[in-house]
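Just below is one structure, and these are the notes that go with it.
The values are calculated or read from the model by the stated rules, or taken from the named source; none is laboratory data. Just so it is clear, the structure is predicted and the values come from calculations on it, not from any experiment. All Cβ positions, glycine included, derive from the backbone under ideal geometry; neighbour counts span all protein chains shown.
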Amino acid sequence: MILKRVFIVFIFLFVVLGLNAQSKLENSEKELELRFDALRNASSDSLMLNISQNIMADLKQALNNNGSFTYPFDNLINLGKVTSPDNLLKIFSWNCMLKNGNYRYFALLLKKVGRKVELFELHQNLNIKESLTSKLSASQWLGALYYQIVPFTQNGNTLYLLLGWDGNNESTSKKLIEILGFSKIGNPELGIPVINWRGKRLSRVIFEYSKQVQMKLKFLERANCVVFDHLSPSDPRYINQFEYYGPDFSYDALKLEKGIWNLVEEFDLKNFD
């Protein structure tokens, strides 16, 4: 009888604590919704950046609550939310466009480790030169809005392929393929070199193209490939002038083989699209 009463009390406390955590997350979401409304209506760069820092602080506080990993934050339509298929990684990202057409990016990463959830901030570092072969820490992040995560294993380690978009500037946009891993002490590492690209081993791939067009870049589970538009200039005289680049109606792919993503040129998309 005593054990039964203890069990009932335990269940009651568990339910109360769960409801309390849910209530905290709902209140945090309402406050964040107001922050994002203010960000959309901000009249200056300094105000936008200040509001974004406030969003970062408030979102960190919210994500430190129990249940934050599964809480949907559906009312935050300007907050990017993507979860890995293995349900171990979640990335929240957002941006603001400055008056000169450039973008600033902000992101938080949640990672399940056993029963715990660890929280990391990705900090955009404008002093880091864009490189296809460098490994970067969370404080050296290049910045992007992530929309797809693909978990895979390489030499027994779980890594994550990230697909992202960058508004870049007034003339061009970018899409990127980034490889995320974690160090021995559990810190995020961006740019694990597991991409084979025309005889080179890359850490990431960055595509730049005209603001006037859209580029396809997505993971196709059936083909176990990341498929993307092949980009070309509208005229040969515009080579390396990326404001004139766009899809040429052919496709390339990165195919996963034994933990390495290998470039497949002239990929036949007809059987998979």
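Hey, among the residues in segment 125-160 that are part of a strand (DSSP E or B) and touching a Pro at 6+ places or on another chain (Cβ under 8 Å), which one's surrounded by the most Cβ atoms within 10 Å (Cβ to Cβ)?
Applying the filter and picking the extreme gives Tyr160.
Looking at Tyr209, is it in contact with a Gly (Cβ under 6 Å, 6 or more places away or on another chain) and buried (at least 18 other Cβ atoms within 10 Å of the Cβ)?
So Tyr209 fits the description; yes.
Of everything in segment 136-183, what is among the β-branched types (Val, Ile, Thr) and over 17 Å from Leu256 (Cα atoms)? Give them in sequence order.
Scanning segment 136-183 gives a single hit, Thr172.
Residue-by-condition table, conditions (1) in contact with a helix residue (DSSP H, G or I) (Cβ under 6 Å, 6 or more places away or on another chain); (2) modelled with pLDDT of 95 or more; (3) over 17 Å from Ile195 (Cα atoms):
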| residue | (1), (2), (3) |
| --- | --- |
| Leu217 | no, yes, no |
| Cys225 | no, yes, no |
| Pro233 | yes, yes, yes |
| Glu243 | no, yes, yes |
| Gly246 | no, yes, yes |
| Phe249 | no, no, yes |
| Leu254 | no, yes, no |
| Val264 | no, yes, no |
| Asn271 | no, no, yes |
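Read through the list (1) more than 30 Å from Asn157 (Cα to Cα); (2) of a type in the set (Ser, Thr, Tyr); (3) in contact (Cβ under 8 Å) with a residue 12 or more places away in the chain, then give the number of the only condition that Tyr238 fails.
(3)
How many residues are touching a helix residue (DSSP H, G or I) at 6+ places or on another chain (Cβ under 9 Å), farther than 22 Å from Asn102 by Cα and crowded, with 17+ Cβ neighbours inside 10 Å when one looks only at segment 163-188?
1
Would you pick out the residues in segment 111-157 that are among the charged types (D, E, K, R), at pLDDT below 95 and more than 22 Å from Val194 (Cβ to Cβ)?
Of everything in segment 111-157, those that are among the charged types (D, E, K, R), at pLDDT below 95 and more than 22 Å from Val194 (Cβ to Cβ) turn out to be Arg115, Lys116.
Taking Asn168 and the conditions (1) outside any strand (DSSP E or B); (2) on the phi < 0 side of the Ramachandran plot, which numbered condition does it fall short on, given that it satisfies the others?
Against the list (1) outside any strand (DSSP E or B); (2) on the phi < 0 side of the Ramachandran plot, Asn168 comes up short only on (2).
Looking at (1) out of contact with any Phe, Trp or Tyr (no Cβ under 7 Å at 6 or more places or on another chain); (2) over 25 Å from Phe219 (Cα atoms), which is the one condition that is false for Val117?
(1)
Determine, yes or no, whether Leu32 is in contact with an Asp or Glu (Cβ under 7 Å, 6 or more places away or on another chain) and under 24 Å from Trp165 (Cβ atoms).
Here the answer is yes, as Leu32 does meet what is asked.
Which members of segment 79-96 meet the condition of being in contact (Cβ under 8 Å) with a residue 40 or more places away in the chain, within 16 Å of Arg35 (Cα to Cα) and in contact with a Lys or Arg (Cβ under 9 Å, 6 or more places away or on another chain)?
Once the filter is applied, which keeps residues that are in contact (Cβ under 8 Å) with a residue 40 or more places away in the chain, within 16 Å of Arg35 (Cα to Cα) and in contact with a Lys or Arg (Cβ under 9 Å, 6 or more places away or on another chain), segment 79-96 yields Ser93, Asn95, Cys96.
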